[in-house]
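Note sheet for the following structure.
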Amino acid sequence: MKKFLTSLLLFMALLFFVSWLFLPRGYVLKDWNIEVPFYKILETPDKITLETTFKKVDYNSLIIPKIAGTRIQVFINNNMIYDFGSSSGNLWNKAFLVRFNKNILNENNTLKLVIEGAYDYGLRYYPYLVSENVANKYYLLIKIFNEDIYLIIIGSSLILGIILILLSYREINRKHFFFLGLSLIFVGLYLIDFHTRVSNGSLMQYFILKKILITFSFLSSLYIMQSVEFYIYSYIKDKFLIILTFLAILIIWATPNFYILKKVYDISNLIIILNLLAAVFRIHQNALNLYYFSTWFLLFTSFQSIIVVLFKINQPVIFNYGMLIVSLSYGFHLVINYRLLAEHSNKMYKKAIMDPLTNAYNRSFLEEIPHKGKLVLIDLDDLKKINDEFGHKKGDEILKEFVEIAKNNLRESDYVIRMGGDEFILIINAKNAENIIERIRNIFKNKTGYDFSYGISDFKEFYTSFEEADEKMYIMKKKKKNSNVKEG
C-alpha cells in the first residue's frame, strides 16, 4: 500500500507540474473566430485558419503550447512570421516559440494561425504573448520536460533493452529477461512517435510509420506482462491477452486510412491498459516488491494518457514519465540482480581459492598470481607429533596461529598459501625475504613454543623454484636434526 500511495502521489505531483507549465502567462489570446481549445479528427487531410485580434503590447514573443496537426503557419497583420512542419509532420507534442519584431505591430493587430492536419487538427491551449525573457524561461521548461525528456527515455529504454536481451543468454530465468528487454526496446521505438519531425515523407509513408509505431506500443505492453509471468511461473499463463493484443494489431493494419486508424487506436488503447493491469495483478499476487512502484506508476500514466486521448481532455500527456520510472526501475533491478550475482560469484571464487581452516589461499591460487619476488617454502616442525599428543584441535590452532602471524608481518602484495597438511608457501615481493621470515619465525616460536623450517628461492617457474626451496628447507631440517642429536 505504501508504494501504491507513493506512486499515486508522484503521479499527481508530476501531472500538476506539467499542467502548470502549460498555463498561459502574459497577454493571453482567448477570443478566436473558433472556440479554443478545440480538437477535431479529420476524414481527409485538411487545414483550418484561426484568427484573433489584440492591442499593441510591449511583447515580442508568442508561445503556442501545443497543437494537433502536421504544419503551422503564423501571421501577424497578414505578414507570415513563422512556418513549421509539412503535410506529414509530427508536431503534436511540440511547443512553439515565435519571436517577432515589435515594429510590425499596430495599435490594433490581427493574428492568424493556419494549422494543417493529416488526420486531426486542433489548438490545445490558449496561445499567449510575453517578453523574450519570460518566453525563454517557460519555453525551455516545456521543451525539457515535455519534449527532450523523450530522447533520454528512448535512449535508456533501447540500451537497457539490448542489455537485458544479451543477459538473457546467461541468466537462469532467460525468458523473463528476454521479454523484459523486448518490452523496453519496443517502448523505446514507440516513443519515436512523441518526437517532433518536420516531415515523415509522403502521407502513405507517414501512414505506414504510424501503424508500425502503434504496433510497438501494443507489443511493449504485452511483453511487459509476459516478462512478469515468466518471472513468476516460467511459462505464459494468460493466453487470452496475447490473442486480444494480436487481434488489435491485425485490425490496426487492416485500417484503410488515417481517420479509421485514429478511431480504432483510441479504442484499442484499452488493451494496453488490460496488459498493464494483468502485470500489476501478477506482481501484487506474488508480492514482487521490486516492481510495485514502477508498475503502478506506469499504469497511472498510461491510463491518464489514454483517457486524455479517448475523451479529448485538455490535459498534458505524461506517459513519458511512466516509461522513465520503468526504465530507471529496470536499471535498478539489473544493478541489484548483478550485485547479488557478483557477490555470489565472489563467494564461490573465494571458496575455490581459500583454505577453509586457516583462511590462507590454497594451492590452486598459485595459478592466479604473477611469477615474481621470492618463493618461501615452509614446513611446521613436529605437527604430526602435536596432533598425536594433544589432538587435531591443537594442531589446527597452531596452523591458524601461523597464518595469522604471517599475514600480520607481510604486505598486501604478499601471499600466504597452504599447500596441504603442515606445508605452506609464502610469496614475498621484497629483497629482504629472509629477514622477514626470521621475524615471523621468532614471533611464532615465542607465541606457540614451536618452530618451522624454510627454504627460499627466486619465484620464476613454479616447479623449478619449488624444488630449489624444498632442497634448502631439507638442508635446514637436516641441520636441526643433527643439532638435536648432538645436544642429546
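Tabulated data for the structure shown
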quantity: Residue, surrounded by the most Cβ atoms within 10 Å (Cβ to Cβ), within the stretch 103-120, restricted to residues that are over 20 Å from PRO24 (Cβ atoms) and either of a type in the set (Phe, Trp, Tyr) or without any contact (Cβ under 8 Å) to a residue 60 or more places away in the chain (or both); calculated: TYR119
quantity: Every residue from the stretch 54-88 that is of a type in the set (D, E, K, R) and either over 23 Å from TYR39 (Cβ atoms) or in a strand (DSSP E or B) (or both); calculated: LYS55, LYS56, ASP58, ARG71, ASP83
quantity: Matching entry among ASN136, ASN200, ASN103, ASN146 (being not in a helix (DSSP H, G or I) and not charged (D, E, K, R)); calculated: ASN200
quantity: Members of the stretch 162-182 that are part of a helix (DSSP H, G or I) and either hydrophobic (A, V, I, L, M, F, W, C) or not assigned by TED's automatic domain parsing to the domain that holds GLY331 (or both); calculated: ILE162, ILE163, LEU164, ILE165, LEU166, LEU167, PHE177, PHE178, PHE179, LEU180, LEU182
quantity: Breaking point among (1) outside the structural domain of PHE207 (by TED's automatic domain parsing); (2) more than 15 Å from ARG197 (Cβ to Cβ), for ILE159; calculated: (1)
quantity: Residue within the stretch 121-128 that is over 38 Å from the mean Cα position of the chain (by Cα) and of a type in the set (A, V, I, L, M) present; calculated: no
quantity: Single residue of LEU328, LEU324, LEU341 found to be crowded, with 16+ Cβ neighbours inside 10 Å, modelled with pLDDT under 85, under 26 Å from the mean Cα position of the chain (by Cα) and of a type in the set (A, V, I, L, M, F, W, C); calculated: LEU324
quantity: LYS350 loosely packed, with under 15 Cβ neighbours inside 10 Å, over 21 Å from PHE218 (Cβ atoms) and of a type outside the set (A, V, I, L, M); calculated: yes
quantity: Of the criteria (1) surrounded by fewer than 17 Cβ atoms within 10 Å (Cβ to Cβ); (2) within 30 Å of PHE297 (Cβ to Cβ), which one LYS55 fails; calculated: (2)
quantity: Residue within the stretch 16-36 that is in contact (Cβ under 8 Å) with a residue 40 or more places away in the chain, assigned to a helix (DSSP H, G or I) and touching a helix residue (DSSP H, G or I) at 6+ places or on another chain (Cβ under 6 Å) present; calculated: yes
quantity: One residue from LYS112, LYS137 being at pLDDT below 95 and among the basic types (Lys, Arg); calculated: LYS137
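The values are calculated or read from the model by the stated rules, or taken from the named source; none is laboratory data. Since the structure is predicted, the reported quantities are computational estimates derived from the model, not experimental observations. Using ideal geometry, Cβ is built from the backbone for each residue, glycine included, and neighbour counts are taken over all protein chains shown.
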